[in-house]
Amino acid sequence: MSALLRIDRRIVWLIILILIFYPLIYPLGLPIHIEDLTRKYYQAIEDLQPGSLVVTTIDIEAGLWGEQGPQAIATYKHLFDKEGVKFIQVSFYRADCAVLFETMVLSEVDRTKKEYGVEWINMGYLEGKETAMSAFAANFMYPTKDAYGTPLEQLPLMKEMKSMEDVDLFITVQGSGYIDTCLRQLPIPYDIPTVGATMSMGVPDLLTYVEAGMVYGILGGLSGAAQYEYLTGKPGLALRGLDSLSLVHIFLIALVIVINIVYISTRSSGGRE
Amino acid sequence: MISTDIGVWIGAILTIFIYSYFITNRQNIAFRIAQTTVVGCALGYIIAIVMAKNVDYLAIGKIAQGNIIYIIPLIIGLMMYGRLVPGYTYLARTPIALIVAVGLGLGARAVFESDVYMQILASSNWLIVGVNPVTAFNSIISLIAVITVIAYFFFTLRPEKVPGIKAIQDTGRLFLMVYFGAKFGATIMTRLTLFLGRAQFLVYDWLGF
């Protein structure tokens, strides 16, 4: 049994590889449970009335696309489907966040449902991190031009949305690095209802803001995105990938239990520590 | 049907190059090619974007519109390059001091409400009476966790001088371990999902399943 402790790690990787790839080709359709925080995230967007003004930030780096891409796509599909809802999109974290939005998210949504400049604006990436967030929150005209180089004063939506004070809902799709900075500069000083999508490892941090009443709903990782896709009725990458993730989790939990039992039994019998 | 898009092929080959690490169990030439390609592309793109957004939109663009005052931040920004010129490194101190001071000021203004005041309020909201049993149970756990974790960080309370404090601090450490365990578990979940994202790209976008 102690041979298990000396197993070549590449065997574990090979098993994980099979467990990930097999359900992608032959889906299993494992059941899905909708969490309360996911439902609140969905409901916050679903309850938006025509004329509601929203600010969204997509601050996910390219490396996190596998986990957060489905969250972003599902969120913007939902927003574009909401008739009369107007929003400004902006990125603060890194330049590739804006590229992801432009190339990977917008390509998945039906852009004909909203008129650019009248119902939505893409500000692109604003350099300056916390300073830029603070300046933008106080004055949406601060970047002077949108992501495509159009002067902001030429866009009709800018007459309705001047600062965070005009906003009805703040939506942030974030990795774990800038959640606290983003929240403390954009929605919290203006007391704006907020929902956030983050990677799995960012959930414990974001939950502290939920407990404090500053964030209402959360999408946590790929499972959150899958639940959200299920609620919106638009299946996407998250639902298609959930089978793989579930199988790997079961395998890893089993591996942790078995290896610990072997380790403890080997140690108690005076074997290798 | 397998993709005929050259961009997808480049993405797929670079992905396989990166994961070749798992086969050789160490860095290899394919891994390094992919790694340096990503870093080079990202750095070049970021420089281009920052120059366009900050220097063009926020400085030169505004100066061209007649806002001469914007020449001041432009000069302060240029002073940062003093670090590269021997004998003039002191020039960089002013912009660095400004960045630190503004960042600190903005952060300190907002952090008190979001990360101190509101968190203390939430931590003090122990609903035990008149709520359902689950909420009451959670409140009790929360109360114990807050007190014991704070006690854990009171290093001046020495176990040999304060009777019973060791048990409280050990309980606090237990709660910290629970948090770190949850965080570690979630980190593994994230890493697996990132791999899943690349697997989906290979299976759906490249191989066309």
Heads up, region A:36-234 by the C-alpha gyration tensor (a ≥ b ≥ c square roots of eigenvalues; a/c under 1.5 rounded, else a/b over b/c prolate, else oblate) looks rounded
extent check for region A:91-155: Cα max minus min per principal axis, descending, whole Å, gives 33, 26, 17
In degrees rounded to 10, the 0-90 angle between helix B:133-152 Cα long axis and the longest Cα principal axis of chain B is 80 degrees
Kirkwood-based Rg/Rh on the Cα set of region B:1-83 evaluates to 1.28
Along region A:64-76, Karplus-curve 3J(HN,Hα) (6.51, -1.76, 1.60; θ = phi - 60°) to the nearest Hz, with x for Gly and Pro, reads 9, 4, x, 8, 9, x, x, 4, 5, 4, 4, 5, 6
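Suppose every K and R has +1 on its Cβ and every D and E has -1 on its Cβ; what is the size of the dipole of region A:1-153 about the Cα centre, in Debye to the nearest 20? Each step should come with its number before you reach the end.
Working: 14 positive and 20 negative charges, 97 e Å.
In debye, rounded to 20, region A:1-153 gives about 460.
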Expressed in µm² per second, the diffusion coefficient of region B:140-183 from the Stokes-Einstein equation, with Rh the Kirkwood radius over alpha carbon pairs, at 37 °C and 0.692 mPa s, is 311 µm²/s
For region B:126-209, the Debye formula with one identical point scatterer on each Cα and no solvent gives log10 I(q)/I(0) at q = 0.21, 0.23, 0.24 Å⁻¹ as -0.97, -1.02, -1.05
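Roughly speaking, to the nearest percent, how much of the protein assembly as shown's 1.4 Å accessible area is carbon and sulfur? All intermediate terms of the calculation are to be shown ahead of the outcome.
Details: 16820 of 25370 Å².
Roughly 66 percent, rounded to a whole number.
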Taking a ≥ b ≥ c as the square roots of the Cα gyration tensor eigenvalues, with a/c under 1.5 meaning rounded and otherwise prolate when a/b beats b/c or oblate if not, region A:196-249 comes out oblate
Taking Cα atoms, the helix A:129-138 axis meets the longest principal axis of chain A at an angle in degrees (rounded to 10) of 40 degrees
Interface call, region A:93-124: threshold 50 Å², probe 1.4 Å, accessible heavy-atom surface of protein chains, chain by itself vs complex, result A:95
Measuring from the longest principal axis of the C-alpha atoms of chain B, the long axis of helix B:6-24 (C-alpha) lies at a number of degrees, nearest 10, equal to 50 degrees
Filtered hits (aspartates and glutamates, Cα-Cα < 15 Å from residue A:113, offset >= 8 within chain) -> A:81, A:83
In terms of the charge dipole of region A:118-245, which places +1 on Lys and Arg and -1 on Asp and Glu at the beta carbon, the residue among A:242, A:192, A:170 farthest towards the positive end is A:242
Regression test value, accessible area per residue of the protein assembly as shown, probe 1.4 Å, units Å², expected 53 Å²
Binned at 5 Å starting from 0, the alpha-carbon pair-distance distribution of region A:1-97 in whole percents comes out as 2, 9, 12, 15, 14, 13, 11, 9, 6, 4, 3, 1, 1, 0
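Per-residue mean of other chain beta-carbon atoms within 10 angstrom of the beta-carbon, peptide A:207-220?
Values: counts 1, 6, 5, 1, 8, 10, 4, 6, 0, 0, 0, 0, 0, 2.
For this peptide, the per-residue mean of nearby foreign Cβ atoms is 3.
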Checked against a 25 Å limit on the C-alpha separation, the offending pairs among A:114/A:162; A:86/A:234; A:40/A:86; A:40/A:162 are A:40/A:162
HN-Hα couplings for region B:166-173 via Karplus (6.51, -1.76, 1.60; θ = phi - 60°), in whole Hz with x for Gly/Pro, come out as 5, 5, 5, 5, 5, 5, x, 5
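Report the charge-dipole magnitude of chain B in Debye, nearest 20, computed about the Cα centre from +1 at each Lys and Arg Cβ and -1 at each Asp and Glu Cβ. List each step's numbers first, then the result.
Working: 14 positive and 7 negative charges, 107 e Å.
Computed about the Cα centre, the dipole is about 520 debye.
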One point scatterer per Cα, no solvent, Debye formula: log10 I(q)/I(0) for region B:91-162 at q = 0.11, 0.13, 0.27, 0.28 Å⁻¹ comes out as -0.55, -0.67, -1.10, -1.13
Protection proxy (average C-beta count within 10 Å per residue), highest first, orders A:241-253, A:218-230 as A:218-230, A:241-253
Computed over all unlike Cα pairs, the Kirkwood hydrodynamic radius of the protein assembly as shown in Å stands at 25.4 Å
Here chain B gives, from Cα atoms, an Rg and Dmax in Å of 27.3, 74
iface A-B | buried accessible area, total | probe 1.4 Å | Å², round 100 | 4300 Å²
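The values are calculated or read from the model by the stated rules, or taken from the named source; none is laboratory data. Quick caveat, the model's predicted, so the values are computed rather than measured. Backbone-built Cβ (ideal geometry, glycine too); neighbour counts: all protein chains shown. We work out accessible area using only protein heavy atoms, side chains counted, and drop any ligands, DNA or RNA first. Shrake-Rupley method; radii C 1.70, N 1.55, O 1.52, S 1.80 Å.
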